[in-house]
Structures are given as structure tokens and as C-alpha cells.
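J.: This structure is in C-alpha cells; I'll ask about it shortly.
The values are calculated or read from the model by the stated rules, or taken from the named source; none is laboratory data. The structure presented is a predicted model; accordingly, all values stated were derived computationally and were not measured. Cβ: placed from backbone, ideal geometry, glycine included. Neighbour counts: every protein chain shown.
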Amino acid sequence: MKKSVFIGALALAGVSGGMAAAGTLDDVKARGTLNCGVSTGLVGFAAPDANGEWQGFDVAVCRAVAAAVLGDASAVEFVPTTGKTRFTALASGEIDMLARNTTWTFSRDVDLKFEFVGVNYYDGQGFMVPAELGVSSAKDLDGATVCIQTGTTTELNLADFFRANGISYEPVPIETNAEAQPLYLEGACDVYTTDASGLAATRAAFEDPSAHVVLPEIISKEPLGPLVRHGDNEWGDIVRWTLNALITAEELGVTSDNVADKAAAADPATPEINRLLGTEGTLGEMLGLDAQWAVRALSVSGNYAEIFEDNIGESTAIGLARGLNASYTDGGLLYSPPFR
Amino acid sequence: MASITDPPSESFKLSQLLSDTRYRSYTFQFIALIALIAAFAYLLSNLFQNLAAAGLDISFGFLSEPAGYDINQRLIEYTSQSTHWRAAVVGVLNTLLVAVVGCFFATIIGVLVGVLRLSNNWIVSRLMSVYVEIFRNVPVLIWILIIMAVFVSVLPQPRDFRGEDASASMFLDMFAFTGRGFYLPRPYFTAEFAAGATGWLIVLALLVGSFFGARALSKWATDTQERTGDRPTTWYLTLAIWFVPLIIAMFVMGLAWEMPELKGFNFKGGIFARNSFIALTFALAIYTAAFIAENVRAGILAVSKGQTEAAASLGLRPNRIMSLVVLPQALRVIIPPLISQYLNLTKNSSLAIAVGYMDVTGTLGGITLNQTGRAIEAVLLLMLFYLTISLTISLLMNVYNNSIKLKER
């Protein structure tokens, strides 16, 4: 009896494995919620606020996709993932998309079989040290103890950087950002390294941020973006163009305040806004959604610039400048393909 | 007059497989076995089909690619350019180190606490009960985290040792106890012929020699006792056998000590026992010791009181009663559950990543799995490793168990 139950369970596991390949869009619609993988807590990017509501730069992408697909920005199940669990969660179908400041790399795209839909933050790996150590360059860090999040590209960059410069270090692997903070503050490591944006967010959460300095060296390219599984291109397109809609809206001056007005009637003077907001053309239909998808996505928390300023911009505690993440019209790298 | 007839010759017909009760059960078992194999074959092929459909193939080629990441505690040569396989081996050695050291201390603490819990002293026995109940009833992961947190926040960091008015100082200028771990003096040999590992091999050989020497001496003492009734005093000879060759060897090979020194960010030189290693080993040892203490107590209580009384009436002193009469019998009860405690400790060491200790779950099952995305392969290898190590421990302990169990003649 026990044996047959065991075999039945195995068979069921085998069959359900075969079903995961069905269309993600249909799954999400049938379920009524979007399962979005986020970080376990990085203020500004993804962290629950005092009311337990998830807030942040990456969270806003999830909400925009949920609004575009389901018409409800709150129909998102946020799944906290660590650097180690995120890819398994996505590959196994536990989450529909991953928006967890994840670096777009060749091997993740090709070998791990994921589809990066774009870049929502151009970042690079930096180092943070207590100001009292008097370190001014990462090359002075010979022999230092370095706290590092395990399972990330930063782990590999760090090994490369120290080897290339012929200096030694002692790595202290840590599972999450939240665990790294006390270790760094207690002095169990001299240096904390992660993406520069993450360092700024972590430092902002400290009691005395001015006691810590971020070193000038940026040792890697870290283009961070949302990703989905390989093979479901329709779903990939939806996430990709929702992100592009946010970026294009900034370029075209569509904000959360004026999107309703602009979507009310087609303005012959602004054809691309019309196509974006569905008052002209059938872009929404091509995606398998309705014409209002981008209007809903933009109504949640506005365009890219608004999301940036509200969560991680210079007016927030994290205080990141736009820098590379300005629109190409302002000398940055953000450039969305046209809505045509 | 009886005639002897041959027994009817064994004729076997195929139908007997079903009709004859002697064979029927075999038939059915055979059929069940075939069905079971077929079922597993179907499930496996299903698994491989689904993996292929998802674009995943099982391949262990990634093990020979460079790992790309660094590991802090490595017992063998390893750099970020070494292969994933070597990273896994480094992890395996780290796991074994924690397991061996943890089992060693767990046994010592466990036996001590188990015996003391039976003490006639009310305070001592109650204290030991409190220890057992507290450690046994809180999950080991919590203990690991608590000990690590206390370790890191209570002990001074290397930067506190720096400067003129340092708030911390080294103990005897030889030991530095910091929140990052303990720095201890490292012995090494200055003589040319004993440089590196050679010297330690010589020491090991001497120790093995001393062990057999001491055993021969003890055997001689026992023989003498059986012949004459008097046991010769041998303790100073035993001490000499253990220490004289060692001290001579140390002198010849030029033993010297490398002291830890504060240089730059950290102490350099000496032996470095990392905070993660100490916290993990300590937590596992005291947690498992609580269980072992209960096993020991149960084992001692299982020896009937008549044995103790009989020994006492022969004039044996209490500690001789414990070591000569009670413990040898109690061990028979203690060893089998002790095996499973050792296995538990070894398997619990996979919680190492909670404090950033790079055991095999941290290297092969953590970073390698994550960087290569080879989840199935990595987890299969991990299972194989833990299975092998657990079965090996079982085997060794069973051999020991057989050697001490009641010899029935």
C-alpha cells in the first residue's frame, strides 16, 4: 500500500512536470494573480513597508505587468527569493517573472535558459568600507575581510578583481543583504561589496550613513533587469514591452497624472503616444491584451522617471542620481525601441 | 522385509510455479519485482523526457570547468581558477572537519553530562537536566545563529587591537580572540629535512609507534598481573613512551612557533580558526551532546543496581566501579543510538551556510549549483556524498559495536 502511494506520487510529479510548459499568460489569467520573484528585502528596490505592502523600484515593474495583464496592480503575489533560490524558482515555474536586481549575463541568458527582457537599471559593483579605516581605493584592500552575497555575479567579479590586482582577501559568504548588514556593522568584515545601487540602499538604512564610504572603483558592468523563462515568447514580449512602455512614457512625457487625459481621445499631434495608449493602432491586441494595457501599467506608479524618483531617486533616503539610467535624450543609456 | 525404493525423482513442471505452494510465493515476488522495475524505468524515462523537453540535459561536464569563486577555508590548495570539482572537494573536507571535531566534542560533553546527571549532588544533576532540556528542545539552526551572533558582537574585532590605546589586546601576545575567529600560534619545523608536511608525517609515525608501544606495555603489565597477582607500576613508562620520542623529534627538527600579528586589516600568520567554523562546530557539539547525554544516562541506568552493589562488596572504589563494571556494560546500550547521533551531527552540518561556513552544501550545493544552474547534477552528487559518509560512519561504529557487545559462547 505504502509503495503504491509512493509510486503514485512520483508519477504525479512526472506528469505535472510536463504541464509546466503551457502558456504563462493563460496561467496568470486563470490564476488571477501574477507570481513575481523579488529580493528578500532591499530598501528602495523591493521591501515591505510599515503596512506590509511591497514597495520599490523592482516591485513597480511587477505591479505594472500585473496591471497590464490582469487590470489590477494589487493582484501580485510577491515571492521573496535569495540570490541562490531565484533561478530555481523561475525555472520551476514557481514564479512567472523575476524582478530582483538580477544581472544580465551571457551564461544566464544562454546556459541557464532565461530571457532577459531589458535593463531597468544600469549598475556596477562597488565597495563600501567604514570611513574610519581611511581607505580611499579598492586596491588598498589587501588582506581585507569582504562580506559578499553568495550566488551572485559579484562573487565572481570579486575573485577576478583581486586576482587581477594580485591582492588577497578573505571572503565571507552571506545568504541575503539583511544578514550582511549586522555582520558588516559589527566589524566581522571590513568591506561590503555588491552592486553600487544596493550599497547606496544598504547604507541609507544605517543609523549613521556618513560613517561609511563607497569607494570610487566600479569593478564591473551590472545591467539589472527583469527576466522570464526561455521558450514562452508571448509572455516574454508582454514583460518586455511593459518595461519599454514605462521608459517610452518618460521620453514622451506621459505621466501618471496626465495618462488618463491623454488616453481619453487620440491627439493627431502625438501619434506615438496614441499608439502607446491604444487610441490608435492595435498594439495591445498583438500582445494578446486589450488596447488599454499600457494605460493601466502607467497608471500604477507612473513612468520610469516617476518610479525612479519615488523609490531610489535623489529625494529619497537612498539618493541615487540618474547617471547612466537617464533617458538617452538626457545623455543616459535608457533607450526603448519605438512603439510602432 | 522392507524394500528400499528411491525417492520419486524431482520432476519440475512449469505449472508448479502457480500450483505448488513452495514456488508460488517466488512467482508472485518475481512478478512484483518486474512490475516495480518497469514502474521506475517509466518514471525515470518520464523524468529524462521532461528534462529534455525543458531543454535540460544531465551532464557532469561542468565539474571540470573553472569555478571562478574563492573559498575562505581550504584544507587543500584551491584558487578561483580551480575546477568546480576541486571546489566540491574543498567543501567535502570542510564538512568532514566539522563532523569529526563536532563528534569528538559532542562525545566528551555528552558522556560528562550524562554521568553528572546521575550525580547524587542535587545541584549538579539539576544543572545538567536544565542543560539537556534547553539544548535538546531548541532547533539547532537557532543555536548556530545565536552562537554566531554572540560571537561576532561580544568579542573585539581586529580593528580594536590597533593603535596606541587599543581597547583589546592579545592574550600572552600569542592568542588573539576576535569576532572574526581565533588566531593561534602555529608550530612549524625549521630543520631542512623536516620542512612542510614531512615533519608532520614523522610526528604522526612516532605517535603511531608510541600507541603500539603503550599497548605492548599494558599487555605486559596484564600478563605480569595474571602470573604474579601484582600489577607493576607503569604510568611513568607510558608517559615516557608517549613523550620522550616526540620531544627528541621536536628538538631535532627544530620546532618553532609562528605568532599571529596584526597586519593591515587582519591578523596574519598563525592558525586561524574562523568564527563560522567555531560557531558551527560548537553549536553542533553542544546540541548533539544533549542527546548523547540522555543516551549515556539511559545506558548507565540499564545496568542493574545489583552489579554496582556486587562490585562494591568486592571492595572496588566508586570510580573503579564506573570504569570497570558499569561503563563496559552500559556501552552496549549506548553505542547503537550514538551512531545515529553522529549521523545527525554530520547531516546537520549542512546548515553551515547560515553562518557562511563553506561546507559541501555551500560550495557544490550552493555557489556551484547557482553559477552553473546544474541543480539536478549537483543535488545528486550531494546526496551521494552524504549517503556515502553516513554509511561509512555506520559501518565503522558497527564494527566497534560488535567488538564490545556481549560475547556469547
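J.: For the structure I just gave you, tell me whether B:GLN73 is more than 9 Å from every other protein chain (Cβ to nearest Cβ) and either closer than 26 Å to B:ALA375 by Cα or assigned to a loop (DSSP other than H, G, I, E, B) (or both). Before you say what the answer is, go through the steps one by one.
T.: On the way: more than 9 Å from every other protein chain (Cβ to nearest Cβ): yes; either closer than 26 Å to B:ALA375 by Cα or assigned to a loop (DSSP other than H, G, I, E, B) (or both): yes.
Yes; evaluated as a whole, the condition is true for this residue.
J.: If you don't mind, there's one more thing I want to ask. Would you check if A:ASP195 is touching a residue at least 12 places away in the same chain (Cβ under 8 Å) and either more than 9 Å from chain B (Cβ to nearest Cβ) or within 18 Å of A:GLY126 (Cβ to Cβ) (or both)?
T.: Numbers: touching a residue at least 12 places away in the same chain (Cβ under 8 Å): yes; either more than 9 Å from chain B (Cβ to nearest Cβ) or within 18 Å of A:GLY126 (Cβ to Cβ) (or both): yes.
Answer is yes for this residue.
J.: Going residue by residue through the stretch B:87-106, is there one that turns out to be at pLDDT 90 or above, surrounded by fewer than 19 Cβ atoms within 10 Å (Cβ to Cβ) and among the hydroxyl-bearing types (Ser, Thr, Tyr)?
T.: No, the stretch B:87-106 has no match at all.
J.: May I pose another question? Does the stretch A:197-205 contain any residue that is touching a strand residue (DSSP E or B) at 6+ places or on another chain (Cβ under 8 Å), buried (at least 24 other Cβ atoms within 10 Å of the Cβ) and assigned by TED's automatic domain parsing to the domain that holds A:ARG322?
T.: No, because not a single residue in the stretch A:197-205 is touching a strand residue (DSSP E or B) at 6+ places or on another chain (Cβ under 8 Å), buried (at least 24 other Cβ atoms within 10 Å of the Cβ) and assigned by TED's automatic domain parsing to the domain that holds A:ARG322.
J.: Another one. Based on what the data block shows, is A:ALA201 within 14 Å of another protein chain (Cβ to nearest Cβ), among the aliphatic types (A, V, I, L, M) and outside any strand (DSSP E or B)? Please lay out each step first, then the result.
T.: Working: within 14 Å of another protein chain (Cβ to nearest Cβ): no; among the aliphatic types (A, V, I, L, M): yes; outside any strand (DSSP E or B): yes.
In short, no.
J.: Pull out all pairs, ordered by first then second residue, where Cβ-Cβ is under 7 Å, the residues are six or more apart or on different chains, the first lies in the stretch A:148-167 and is more than 10 Å from every other protein chain (Cβ to nearest Cβ), and the second is among the aliphatic types (A, V, I, L, M) and part of a helix (DSSP H, G or I).
T.: Matching pairs, first to second residue: A:GLN149/A:ALA180.
J.: For the stretch B:134-188, enumerate the residues that are of a type in the set (Asp, Glu) and free of Cβ contacts under 8 Å to residues at least 40 places away in the same chain.
T.: Listed by number, the residues that qualify are B:ASP160, B:GLU164, B:ASP165.
J.: In the stretch B:361-392, how many are within 21 Å of A:THR176 (Cβ to Cβ) and within 17 Å of the chain's Cα centre (by Cα)?
T.: Total satisfying the criteria: 1.
J.: Of all residues in the stretch B:208-239, count the ones that are closer than 27 Å to B:GLU192 by Cα and of a type in the set (A, V, I, L, M).
T.: The total comes to 1.
J.: Give the residue, chosen from B:ALA221, B:ALA166, that is under 30 Å from B:LEU246 (Cα atoms) and either among the small types (Gly, Ala, Ser) or touching an Asp or Glu at 6+ places or on another chain (Cβ under 7 Å) (or both).
T.: Being under 30 Å from B:LEU246 (Cα atoms) and either among the small types (Gly, Ala, Ser) or touching an Asp or Glu at 6+ places or on another chain (Cβ under 7 Å) (or both) holds for just one of B:ALA221, B:ALA166, which is B:ALA221.
J.: Okay, moving on. Looking only at helices (runs of 4 or more DSSP H) that lie completely in the stretch B:304-383, which have at least 1 residues being within 14 Å of chain A (Cβ to nearest Cβ) and crowded, with 22+ Cβ neighbours inside 10 Å?
T.: Output list reads B:369-372.
J.: So, A:ILE219, is that one in contact (Cβ under 8 Å) with a residue 24 or more places away in the chain, among the β-branched types (Val, Ile, Thr), outside any strand (DSSP E or B) and away from chain B (no Cβ under 14 Å) or not?
T.: Yes.
J.: All but one of (1) over 18 Å from B:LEU96 (Cβ atoms); (2) in contact with a His (Cβ under 9 Å, 6 or more places away or on another chain) hold for B:THR363, so report the exception by its number.
T.: It is condition (1) that B:THR363 fails.
J.: Of these, A:ALA50, A:ALA89, A:ALA73, which one is under 14 Å from A:VAL228 (Cβ atoms), among the small types (Gly, Ala, Ser) and at pLDDT below 95?
T.: A:ALA89
J.: Another question about this same structure. Can you tell me which of A:GLU132, A:GLU94, A:GLU155 is acidic (Asp, Glu) and within 26 Å of A:TRP54 (Cβ to Cβ)?
T.: On the way: A:GLU132 fails: within 26 Å of A:TRP54 (Cβ to Cβ); A:GLU155 fails: within 26 Å of A:TRP54 (Cβ to Cβ).
Just a single option satisfies the conditions, and that option is A:GLU94.
J.: Can you tell me which residue among A:ASP267, A:ASP257 is in a loop (DSSP other than H, G, I, E, B) and within 24 Å of A:ASP58 (Cα to Cα)? Working first, answer last.
T.: Numbers: A:ASP267 fails: within 24 Å of A:ASP58 (Cα to Cα).
A:ASP257 is the lone residue from the list that is in a loop (DSSP other than H, G, I, E, B) and within 24 Å of A:ASP58 (Cα to Cα).
J.: Given the residues A:ALA138, A:ALA91, A:ALA131, which is the only one that is of a type in the set (Gly, Ala, Ser), more than 30 Å from A:ARG31 (Cβ to Cβ), surrounded by 19 or more Cβ atoms within 10 Å (Cβ to Cβ) and within 14 Å of another protein chain (Cβ to nearest Cβ)?
T.: Sole residue among the options that is of a type in the set (Gly, Ala, Ser), more than 30 Å from A:ARG31 (Cβ to Cβ), surrounded by 19 or more Cβ atoms within 10 Å (Cβ to Cβ) and within 14 Å of another protein chain (Cβ to nearest Cβ): A:ALA138.
J.: Looking at the stretch B:359-389, which of its residues are more than 16 Å from B:THR346 (Cα to Cα) and among the acidic types (Asp, Glu)?
T.: B:GLU377
J.: How many of the residues making up the stretch B:223-240 are surrounded by fewer than 11 Cβ atoms within 10 Å (Cβ to Cβ) and either hydrophobic (A, V, I, L, M, F, W, C) or in a helix (DSSP H, G or I) (or both)? Write out each step before concluding.
T.: Restricting attention to the stretch B:223-240, the residues satisfying the condition of being surrounded by fewer than 11 Cβ atoms within 10 Å (Cβ to Cβ) are B:223, B:226-230, B:233, B:235-236.
Cutting the leftovers down to either hydrophobic (A, V, I, L, M, F, W, C) or in a helix (DSSP H, G or I) (or both) gives us B:223, B:226-228, B:235-236.
Number of matching residues: 6.
J.: Just the residues that are among the aliphatic types (A, V, I, L, M), closer than 19 Å to A:TYR328 by Cα and touching a residue at least 24 places away in the same chain (Cβ under 8 Å), please, taken from the stretch A:247-275.
T.: Within the stretch A:247-275, A:ILE247, A:ALA249, A:LEU252, A:VAL254 qualify.
J.: Could you pull out the residue among B:PHE272, B:PHE282, B:PHE267, B:PHE243 that is touching a residue at least 60 places away in the same chain (Cβ under 8 Å) and part of a helix (DSSP H, G or I)?
T.: On the way: B:PHE272 fails: part of a helix (DSSP H, G or I); B:PHE267 fails: part of a helix (DSSP H, G or I); B:PHE243 fails: touching a residue at least 60 places away in the same chain (Cβ under 8 Å).
Residue meeting the stated conditions: B:PHE282.
J.: Kindly list, by first and then second residue, each pair from a residue in the stretch A:101-112 that is touching a residue at least 40 places away in the same chain (Cβ under 8 Å) to a residue that is buried (at least 19 other Cβ atoms within 10 Å of the Cβ) and among the β-branched types (Val, Ile, Thr), limited to pairs with Cβ atoms under 7 Å and residues at least 6 apart or on different chains.
T.: A:THR103/A:THR153; A:TRP104/A:VAL119; A:THR105/A:THR153
J.: Condition first: among the aliphatic types (A, V, I, L, M), surrounded by 15 or more Cβ atoms within 10 Å (Cβ to Cβ), in a helix (DSSP H, G or I) and more than 10 Å from chain A (Cβ to nearest Cβ). Now tell me which residues in the stretch B:147-187 satisfy that.
T.: Scanning the stretch B:147-187 gives a single hit, B:ILE147.
J.: Failed condition for B:ILE58, given (1) away from every other protein chain (no Cβ under 12 Å); (2) more than 18 Å from A:ASP111 (Cα to Cα); (3) among the β-branched types (Val, Ile, Thr), with all others met?
T.: Answer for B:ILE58: the failing condition is (2).
J.: I'd like to check something: does the stretch A:246-253 contain any residue that is more than 23 Å from A:CYS36 (Cβ to Cβ), of a type in the set (Ser, Thr, Tyr) and in the same structural domain as A:LEU90 (by TED's automatic domain parsing)?
T.: If we filter the stretch A:246-253 for residues that are more than 23 Å from A:CYS36 (Cβ to Cβ), which is where we start, we get A:251-253.
From what is left, the residues that are of a type in the set (Ser, Thr, Tyr) are none.
No, the conditions are met nowhere in the stretch A:246-253.
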